[in-house]
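Novice: Shown below is the structure under consideration.
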Amino acid sequence: MAKQSLPLPEVYQLIEPGPVVLVSSMMGEQTNIMTMSWHMMIEFEPPTLACAISAGDYTYDIVKKTKECVINIPTEELAKKVVGCGNTIGRDIDKFKQFGLTPSAAACVRAPLIDECYANFECKMIDSKLAAKYGIFIFEVVKAWIDRSQKNPRTIHHQGNGKFVVDGEIIRLPSRMK
Ligand SMILES: Cc1cc2nc3c(=O)[nH]c(=O)nc-3n(C[C@H](O)[C@H](O)[C@H](O)COP(=O)(O)O)c2cc1C
């Protein structure tokens, strides 16, 4: 196979986890939303996940202080709003208003759910030891919601530089992974 050298800054584009999610948060009376694609599951039960949130992001400050957020799973219909939330800074604007998204009350955290999203995970931060060095926060999902009326939810996956892949064909194989 004739392979070429891949520039190291492009590595992430091939291993990008998905789906792209929206992180909603709240500090005082101010809500915020950021777009995030760098996340990974760590444990099934309780569901635990790691999120990379840059120190420059307003969300970083909110999560560090409030120790909670909601991870919202958008589908392709929301793609433009998802990118909008990732291209703007919540210190300056109300992203719920700016992008026509609807906040609704969560059960276990103050941060709002984003109504338009297919699923919402209420999260409590359980570890921030890697935050200063890598921007990594570990969250436990304490409550999860899903809209089961959506029969074909297609999530979006970022491949870098504004290129996204939308979920497609489903194949089923006898995998031992739950
Ligand atoms: C598709 C996409 C994926 C992104 N993924 C991440 C991510 O995983 N981690 C991160 O820190 N920023 C990520 N960003 C950038 C943040 O969403 C962006 O810096 C945003 O302005 C932060 O908002 P805030 O300052 O209001 O918190 C992503 C942006 C886009 C468009």
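Novice: For the stretch 43-168, please report how many Lys pairs fall under 19 Å Cα to Cα, leaving out neighbours fewer than 8 apart on the same chain.
Specialist: Final tally of qualifying lysine pairs is 17.
Novice: Still on this structure, I have one more. Among 41-49, 1-9, how do they line up by average Cβ neighbours within 10 Å per residue, starting with the highest?
Specialist: The most tightly packed comes first, giving 41-49, 1-9.
Novice: So, for the chain, what is the accessible surface per residue at a probe of 1.4 Å, expressed in square angstrom?
Specialist: Here the residues of the chain average 62 Å² of exposed surface.
Novice: I need the phi-derived Karplus couplings for the stretch 146-156: 6.51 cos²θ - 1.76 cosθ + 1.60, θ = phi - 60°, integer Hz, Gly and Pro marked x.
Specialist: Ordered by residue, 3J(HN,Hα) equals 9, 9, 6, 6, 7, 7, 9, x, 10, 7, 10 Hz.
Novice: If you take the square roots of the eigenvalues of the alpha-carbon gyration tensor of the stretch 50-138 and sort them as a ≥ b ≥ c, do you get rounded (a/c under 1.5), prolate (a/b over b/c) or oblate?
Specialist: Note, shape of the stretch 50-138 comes out prolate.
Novice: Here's a follow-up. Of I146, F99, A52, which is farthest towards the positive pole of the chain's charge dipole, taken about the Cα centre with +1 and -1 on the beta-carbons of Lys, Arg and Asp, Glu respectively?
Specialist: A52
Novice: Give the ranking of K81, K163 by solvent-accessible surface, highest area first, calculated with a 1.4 Å probe.
Specialist: Details: K81 70, K163 115 Å².
Accessible-area ranking of K81, K163, largest first: K163, K81.
Novice: Could you check how much of the accessible area of the chain is carbon and sulfur, as a whole percent, using a 1.4 Å probe?
Specialist: Looking at the chain in its full context, I get 56 percent from C and S.
Novice: May I ask you to derive the relative contact order of the stretch 18-166, considering only C-alpha pairs under 8 Å and at least 6 residues apart, and to give it as an integer percent?
Specialist: Dividing the mean separation by the residue count of the stretch 18-166 yields 29 percent.
Novice: Can you work out ³J(HN,Hα) from phi for every residue in the stretch 42-50, in order, using Karplus 6.51 cos²θ - 1.76 cosθ + 1.60 and θ = phi - 60°, giving whole Hz and x for Gly and Pro?
Specialist: 10, 8, 6, 9, x, x, 10, 9, 9
Novice: Need one number: the % of Cα-Cα pairs in the chain sitting beyond the 28 Å mark.
Specialist: Every Cα pair in the chain considered, those over 28 Å come to 23 percent.
Novice: Determine, for each peptide in 17-23, 95-101, the mean count of other beta carbons within 10 angstrom over its residues, then list the peptides with the highest first.
Specialist: Highest-to-lowest ranking by the protection proxy: 17-23, 95-101.
Novice: Can you tell me the order of 102-110, 117-125 when each peptide is scored by its average per-residue count of other Cβ atoms within 10 angstrom, highest first?
Specialist: Going from most to least packed, we get 117-125, 102-110.
Novice: Under the Karplus relation 6.51 cos²θ - 1.76 cosθ + 1.60, θ = phi - 60°, what is the ordered set of whole-Hz ³J(HN,Hα) values for the stretch 129-141, x standing for Gly and Pro?
Specialist: Values, residue by residue: 4, 9, 5, 5, 7, 10, x, 9, 10, 9, 10, 9, 7 Hz.
Novice: Only helical DSSP H runs with n ≥ 4 go in: add -39500 (n - 2.57) per run for the chain, normalise by residue count and round the 222 nm mean residue ellipticity to 500 deg cm²/dmol.
Specialist: -4000 deg cm²/dmol
Novice: Could you please state, rounded to a whole Å, how far the C-alpha centre of the stretch 88-128 is from the C-alpha centre of the stretch 132-157?
Specialist: The two parts, judged by their Cα centres, are 12 Å apart.
Novice: Here's something else I'd like to know. What are the residues whose amide H is under 5 Å from the amide H of F164, where those residues sit 5 or more places off or on another chain and H is modelled from the backbone?
Specialist: Result for F164 returns Q159.
Novice: If you rank V11, V141 by how much accessible surface each has, with a 1.4 Å probe, what is the order from largest down? Numbers along the way, then the final one.
Specialist: Working: V11 70, V141 15 Å².
From most exposed to least exposed: V11, V141.
The values are calculated or read from the model by the stated rules, or taken from the named source; none is laboratory data. For clarity, every value in this text was computed on a predicted model and none was experimentally measured. All Cβ positions, glycine included, derive from the backbone under ideal geometry; neighbour counts span all protein chains shown. Surface areas here come from the heavy atoms of the whole protein model, side chains and all, with no ligands, DNA or RNA. Shrake-Rupley method; radii C 1.70, N 1.55, O 1.52, S 1.80 Å.
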